[in-house]
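Undergrad: Handing you a structure now.
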């Protein structure tokens, strides 16, 4: 592990830097917590007897993906074809692109398959199946297909008993395109709080996917893959009978939304934004920092939670939270720290130049604002590596 | 103008590409509207007799800045030292860094001054002045200083009559550091709607800055620069007596927040996100597109406006809005288009693969999600240039 980390020197070209010295704002990743979060879900899914296909859209980092698969090819899930390109170039060759495929992206998908990537794509309409069938007519590489199933009315997908599920399968068979199976995502599980309803959401997700797979099989089609997943349901599923794989993304970092849903403790959150105090407004009870929404993202995912964390929960430089200190407001490059309304919590003494770490509402959104992770381990302040992130489409 | 644009070929290496063909999601910039927006504010400020120091944090692009200053060195305003580095490298040498200076950034600021940049920095405390004075002790390049004044309780800054304004000036004088003047920003003008209250906000901004400058002068200090600005107040100020310069950023692109505040027409908005339809849920009245919050940002700036635009207002590929069609919800790479609640507007016929353009709530936030602008002109669909954006700190 240490060797992996030391492959990439920290920012100042070799000399060890610390959280006191690096430039702010900066995205900090606690690799010890990352490894612990990965191990927790991996163990859980092993016990449930299903394969794990982590979603790398949260991290968008080869270095993080190597903590999931030290040398392997996946399996992984991606949310963009740019992610597929990036991870394929690093040797990941078992990839599911889990966003509905638009016809104009078929050429790019085929190029990836032609380069040897075992790529699964997602569709939920006859039109998409026909577009794939048309593309296949001239021969050449084609991706495998998963049919998106709607388990909770959250986003896209066909209902498990929709006749279009079978119609799509028939179109693909005629075109000699591999139908790999079905995929669903319990996005509504994010509306749960404190763990309540998550086991039921997981069972709903399982049941919908399995029902659609059985519909396909009754009609003479194979459905080798029955894919479900979200971080909340992956952590609360009791029974995954009939499911072959689970997807999850934010589980590796966790965040304040996941804490509010009841999936993790505050101490499990592996990412934070390091910031520096740049001013005070004692008349208003404000401490100003150099991390605004550009560093935190505009994600206000806890806004409707019983505990609204503003733009993030404030910790000291070692990551220990003040329970009622939040970034209450943000402009592009300014954050305003306040005591949580109603808490009456005193403001800590943080002179100009002091450093704090902010736990984010949503790790995927906050991560996307940064070019790299500054990696720490074992609660230390030393930055042991800088891991780049990719972006774009 | 055409020459400038053609300097950078569009995505496919020379061959003309169009909005029908480029990959989505993509950030589209209408250079004709950009130029019109720039000319509008430039003319207004010329009439008011003040200098214009545009804020380049909205665009983060040399190519956009070149529409403001075809060959010049500025003056510009920046929100990060990374912006200062980037624009300085392109020849912009008159720069104000308009975020409160933390002591650990002094070394980087001095390096920029040492490279020949006429750099102004912002402070609002005795501690920051003392940190600058300490840094100056050994000699070497130092930035000029502006004192941040609070005109509306929005963020940082000293009240115009605060004795600390004079104390800071005295500390700087003893250390032989140039006190350039005062700076304020009427951030609360964003709370106005339909233009109401903006002239008053502009007058409050002017009066606070002028009062602080007069306090300095009464105490024997110079205050050559009296800097005010926000896009709303810049467009509604009636009298800028005593002000020497105006700053504004989002004016160049505009967005739905500015439309809601009453500063621009929908047709003035120069940036949009091009997206492709990837699915339908007729049972729910949804059209799904491949632009989620990663492409739009999580900014919900119109959430509390009388007209809530969701994650953005939907236009056809030529940028003509459907008045009641919005991106009502978003996940990382999915947007859900719906009729505005209560409007009863019919959904347009948009088959899978159709292209739409989404006007953003907040141009600064949406722009930050993208690596480059795809530039169009004169209402045409041809992409005449790709302009990169910078990021980071």
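No value in this document is a laboratory result; all are computed from the given coordinates. Predicted, not measured: the structure shown is a model, and the values here were computed from it. Note that we place each Cβ from the backbone using ideal geometry, even for glycine, and neighbour counts take in every protein chain shown.
Undergrad: When you count, for each residue, the other Cβ atoms within 10 Å and take the mean per peptide, how do B:317-325, A:239-247 rank with the highest first?
TA: A:239-247, B:317-325
Undergrad: Averaged across B:283-294, how many Cβ atoms of other chains sit within 10 Å of each residue's Cβ atom?
TA: Whole-number average of other-chain Cβ neighbours for B:283-294 is 4.
Undergrad: Show me B:27-36, B:298-307 ranked by packing, highest mean number of other Cβ atoms within 10 Å first.
TA: B:27-36, B:298-307
Undergrad: Which whole-number percentage describes the relative contact order of region A:55-248, with Cα contacts under 8 Å and a sequence gap of 6 or more?
TA: 15
Undergrad: Can I ask one more? Need the C-alpha centroid separation for region A:14-55 versus region A:355-393, integer Å.
TA: Computed from Cα coordinates, the inter-centre distance equals 10 Å.
Undergrad: If you don't mind, there's one more thing I want to ask. What's the FRET efficiency of residue B:39 with residue B:238 using the Cβ-Cβ distance as r and R₀ = 30 Å, to the nearest 0.05?
TA: Given R0 = 30 Å and the Cβ-Cβ separation, E is 0.90.
Undergrad: Determine which chain A residue has its Cβ at minimum distance from the rotation axis mapping A onto B, giving the value in whole Å.
TA: So the chain A residue sitting closest to the axis is A:298, 2.
Undergrad: Same structure again: Per the helix-only calculation at 222 nm, which mean residue ellipticity applies to chain B, given -39500 (n - 2.57) for every DSSP H run of n ≥ 4 and division by its residues, nearest 500 deg cm²/dmol?
TA: That comes out to -8500 deg cm²/dmol.
Undergrad: Using the Cα atoms of the protein assembly as shown to build a convex hull, what is its mean projected area in square nanometres?
TA: 32.1
Undergrad: Copy-to-copy spacing for residue A:341, label 7 Å out on the Cα-to-C-beta vector, in nm, shortest first?
TA: 2.0
Undergrad: Average partner chain C-beta neighbours within 10 Å, per residue of A:359-367?
TA: Mean partner shielding for this stretch: 2.
Undergrad: Moving on. Beta carbons within 10 angstrom, averaged per residue: use that to sort the peptides B:115-121, A:254-260, highest first.
TA: Result, highest mean first: A:254-260, B:115-121.
Undergrad: Here's something else I'd like to know. If I take every Cα pair under 8 Å that is 6 or more residues apart in region A:75-177, average their sequence separation and divide by the length, what percent do I get for the relative contact order?
TA: Rounded, it is 23 percent for region A:75-177.
Undergrad: For residue A:222 and residue A:283 in the same chain, what is the full-extension length gain: residue separation times 0.36 nm, less their Cα-Cα distance, in nm?
TA: Full extension of this stretch gives 15.2 nm more.
Undergrad: Which distances, in nm and shortest first, link the residue B:306 label point to the same label point in every other copy, taking 7 Å along Cα→Cβ?
TA: 3.8
Undergrad: At residue B:199, with labels set 7 Å past Cα in the Cβ direction, how many nm apart are the copies from this one, shortest first?
TA: The answer, with the shortest distance listed first, is 6.6 nm.
Undergrad: What is the distance, in nm, between label points placed 7 Å from the Cα along the Cα-to-Cβ direction at residue B:46 and at residue B:345?
TA: It is 3.7 nm.
Undergrad: Compute the FRET efficiency between residue B:163 and residue B:320 as 1/(1 + (r/R0)^6), taking r as their Cβ-Cβ distance and R0 = 60 Å, and round to the nearest 0.05.
TA: 0.60
Undergrad: Cα axis of helix A:126-136 to longest principal axis of chain A: angle in degrees, 0 to 90, nearest 10?
TA: The two axes meet at around 70 degrees.
Undergrad: Let me ask something additional. So what's the gap between the Cα centers of region A:222-266 and region B:85-152, to the nearest angstrom?
TA: One Cα centre to the other: 48 Å.
Undergrad: While we're here: More than 20 Å apart: what percent of Cα pairs in region B:55-248 qualify?
TA: Taking all Cα-Cα pairs of region B:55-248, the fraction more than 20 Å apart is 54 percent.
Undergrad: A further question follows. Figure the gain on full extension for residue B:178 and residue B:371 (residue separation times 0.36 nm, minus the Cα-Cα span) and round it to one decimal in nm.
TA: Gain on extension, residue B:178 to residue B:371, equals 65.8 nm.
Undergrad: Another question, if that's okay. Would you mind calculating the relative contact order of chain A from Cα pairs under 8 angstrom and at least 6 residues apart, reporting the percent as a whole number?
TA: Contact order relative to length: 21 percent.
Undergrad: Taking the alpha-carbon centroid of each part, what is the distance from region B:285-334 to region A:271-331 in angstrom?
TA: Value for the Cα centre distance between the two parts: 27 Å.
Undergrad: While we're on this one: Would you mind computing the Rg to Rh ratio of chain A from its alpha-carbon coordinates, Kirkwood style for Rh?
TA: Looking at chain A, the ratio lands at 1.01.
Undergrad: May I ask for the Rg/Rh ratio of region B:129-170, computed from Cα atoms with Rh as the Kirkwood radius, given to two decimals?
TA: Here Rg/Rh amounts to 1.06.
Undergrad: I'd like the orientation of helix B:198-218 relative to chain B: the angle between its Cα long axis and the longest Cα principal axis, in ° from 0 to 90, rounded to 10.
TA: 20
Undergrad: What is the order of A:55, B:154, fewest Cβ neighbours within 10 Å to most?
TA: Ascending number of Cβ neighbours within 10 Å: B:154, A:55.
Undergrad: Can you tell me the 0 to 90 degree angle between the C-alpha axis of helix B:163-174 and the longest principal axis of chain B, rounded to 10?
TA: 70
Undergrad: Averaged over A:368-374, how many beta carbons belonging to a partner chain fall within 10 Å of each residue's beta carbon?
TA: Whole-number average of other-chain Cβ neighbours for A:368-374 is 3.
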